[in-house]
Amino acid sequence: MKYVLNIGFIVLICWLTFRLLFSGQEFSSILEDLHNADTRWIAVGLLLAFMFVAGESCIIYYMLRVLGQKTKFLRCLKYSFIGFFFSDITPSASGGQPAQMYYMKKDGVKIGFSTLIMLLITIAYKAVLVILGLIFLIFNYSLVADHVGKMWWLLILGFALNIAFIAVLAAVFVKPVWARKAGIKIVNLLTNIKIIKSKNNQKYIEKITRICDTYTIGADYIKNNLHTVVNVFLITAVQRLSLFAITWIVYKSYGLSGYGILPVIALQTMIGISVEMLPLPGAAGITEGCFMIMFDRIFGKELMRPALLLSRGMSFYAVLIAGGLVTFASHIIIMRRDKQIYADEGLMKTMGNEKKG
């Protein structure tokens with residue numbers, strides 16, 4: 001029900017956003033503007049969206065191989081589509097990795113391995129975003145300052161939240177015992193001031209302990225396998241850049257010139273930093289608003305709205321729909337498989353009882 005409500009929230013926010021953005025404009029003119037985009041460039045954009053999803057699949061496939069787990073790449077691709085689907089429909093993308101671990105466990109992947117892989121992906125995904133953001137901010141400061149407009153406060157907040165998140169991870173890695181004690185003290189404090197219910201106190205303490213223990217194992221692995229971690233970071237960088245480049249593909253699909261790929265990627269990176277940590281499913285609404293501010297002068301008033309539809313459509317909605325279809329199909333397969341297993345177990349019990357009789 002929670003996921004259904006989140007999907008409903010995304011639909012509602014998107015409907016309100018697009019009603020606001022396209023108010024006073026005929027639907028036929030919007031379709032005409034979309035039709036004017038070069039379909040060859042749009043095909044490239046969809047390929048980049050697929051590369052974004054497949055990038056994580058490559059990491060999962062690579063890490064499972066390193067850990068001695070033989071698997072097919074298509075199965076890893078399934079995990080990625082499922083992960084992005086649940087990430088897109090939950091606040092701060094919090095539901096993606098638990099869902100991936102669930103389906104990996106169903107396919108026989110040990111929970112310790114999947115936890116380590118998801119941990120490395122989380123670290124690389126956030127760290128690469130911040131690193132790219134800082135690089136673009138330093139070397140393209142005038143461009144960012146010229147286009148960020150009223151978004152400065154949101155960009156600063158985004159940097160702060162992402163850096164704080166990475167700092168917490170680093171603290172858990174470097175001082176796991178200290179992090180565990182600090183986490184337990186915070187839980188006890190929140191319990192004392194009635195923010196956390198007393199009956200849930202122990203549950204949260206156990207969760208913090210489990211997380212810290214997992215991160216300790218991850219820290220030991222990273223220290224002893226730096227080359228593997230470097231490879232994960234490189235793949236993640238390609239994955240991130242593939243997604244951010246979609247806006248430039250849309251730019252070229254309308255035959256526009258004047259801005260190279262790097263400036264457009266720089267601005268799209270700033271949007272990613274600004275919105276990804278916000279507790280909104282899919283960062284719906286706020287992402288569209290940021291796009292309108294950052295790319296107003298790049299696309300111009302006539303092409304801004306169709307460009308937004310195409311860019312957001314390929315980078316978010318296409319991935320969301322494809323992920324939903326893969327998740328639905330995967331769940332049907334698992335239900336049938338579990339049903340068959342239960343049926344076989346029941347048959348074995350019946351045969352055993354008959355033999356005893």
Q) For a label point 7 angstrom out from the Cα of Thr71 toward its Cβ, which stretches of the stretch 301-323 have the backbone nitrogen within less than 16 Å? A) none
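Which whole-number percentage describes the relative contact order of the stretch 61-127, with Cα contacts under 8 Å and a sequence gap of 6 or more? All intermediate terms of the calculation are to be shown ahead of the outcome.
Values: 46 pairs, mean separation 14.9, N = 67.
The value is 22 percent.
Report the charge-dipole magnitude of the stretch 25-142 in Debye, nearest 20, computed about the Cα centre from +1 at each Lys and Arg Cβ and -1 at each Asp and Glu Cβ.
Details: 10 positive and 7 negative charges, 207 e Å.
Rounded to the nearest 20 debye, it is 1000 debye.
Using heavy-atom solvent-accessible surface (probe 1.4 Å) with all chains present, what is the largest-first order of Val177, Val264? List each step's numbers first, then the result.
Details: Val177 80, Val264 0 Å².
Result of the area sort, largest leading: Val177, Val264.
State which entries of Lys78/Lys199; Lys72/Lys252; Lys150/Lys185; Lys78/Lys203; Lys126/Lys175; Lys78/Lys110 exceed 29 angstrom in Cα-Cα distance in the structure shown. Don't skip to the answer; put the middle values down first.
Details: Lys78/Lys199 37 Å; Lys72/Lys252 36 Å; Lys150/Lys185 38 Å; Lys78/Lys203 31 Å; Lys126/Lys175 20 Å; Lys78/Lys110 17 Å.
With Cα atoms farther than 29 Å apart: Lys78/Lys199; Lys72/Lys252; Lys150/Lys185; Lys78/Lys203.
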Q.
Is there a quick way to get the dipole size of the stretch 173-315? I mean about its Cα centre, with the Cβ of Lys and Arg at +1 and of Asp and Glu at -1; what is the value in debye to the nearest 20?
A. 700
(Q) Can you give me the % of accessible surface on the stretch 185-330 that is carbon or sulfur? Probe 1.4 Å, all protein chains present, nothing else counted. (A) 66
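Using only C-alpha atoms and all pairs of different ones, pull out the Kirkwood radius for the stretch 53-196 in Å with one decimal. Please list the in-between numbers first.
Numbers: mean 1/r = 0.0564 Å⁻¹.
For the stretch 53-196, the Kirkwood estimate is 17.7 Å.
How would Arg305, Arg240 line up by accessible area, probe 1.4 Å, largest first? Please report the intermediate quantities before stating the final value.
Numbers: Arg305 70, Arg240 0 Å².
So, going from the largest accessible area down, we get Arg305, Arg240.
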Q. HN-Hα J couplings of the stretch 117-131 from phi, Karplus 6.51/-1.76/1.60, θ = phi - 60°, integer Hz, Gly and Pro as x?
A. 5, 5, 5, 5, 5, 4, 4, 5, 4, 6, 5, 5, 4, 5, 4
(Q) Just to make sure I understand: if all protein chains stay in place, what is the order of Ile208, Ile332 by accessible area at 1.4 Å, largest first? (A) Ile332, Ile208
Q. So how much accessible area does Ile211 have, in Å² to the nearest 10, using a 1.4 Å probe?
A. 80
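Is the shape of the stretch 194-304 rounded, prolate or oblate, going by the alpha carbon gyration tensor and its root eigenvalues a ≥ b ≥ c, with a/c under 1.5 for rounded and a/b larger than b/c for prolate?
Numbers: a/c = 5.05, a/b = 1.69, b/c = 2.99.
The shape class here is oblate.
Is the stretch 144-226 rounded, prolate or oblate when judged by the Cα gyration tensor, a ≥ b ≥ c being the square roots of its eigenvalues, rounded requiring a/c under 1.5 and prolate requiring a/b larger than b/c? If you can, show how the numbers build up before the last one.
Working: a/c = 3.65, a/b = 1.33, b/c = 2.74.
Because a/c hits 1.5 or more and a/b fails to exceed b/c, the stretch 144-226 counts as oblate.
The values are calculated or read from the model by the stated rules, or taken from the named source; none is laboratory data. The shown structure was predicted, so the numbers you read here are calculated from the model rather than taken from an experiment. With ideal geometry, Cβ positions are generated from the backbone for all residues, glycine too; neighbour counts draw on all protein chains shown. Calculation scope for accessible area: heavy atoms of the full protein, side chains included, ligands and nucleic acids excluded. Shrake-Rupley method; radii C 1.70, N 1.55, O 1.52, S 1.80 Å.
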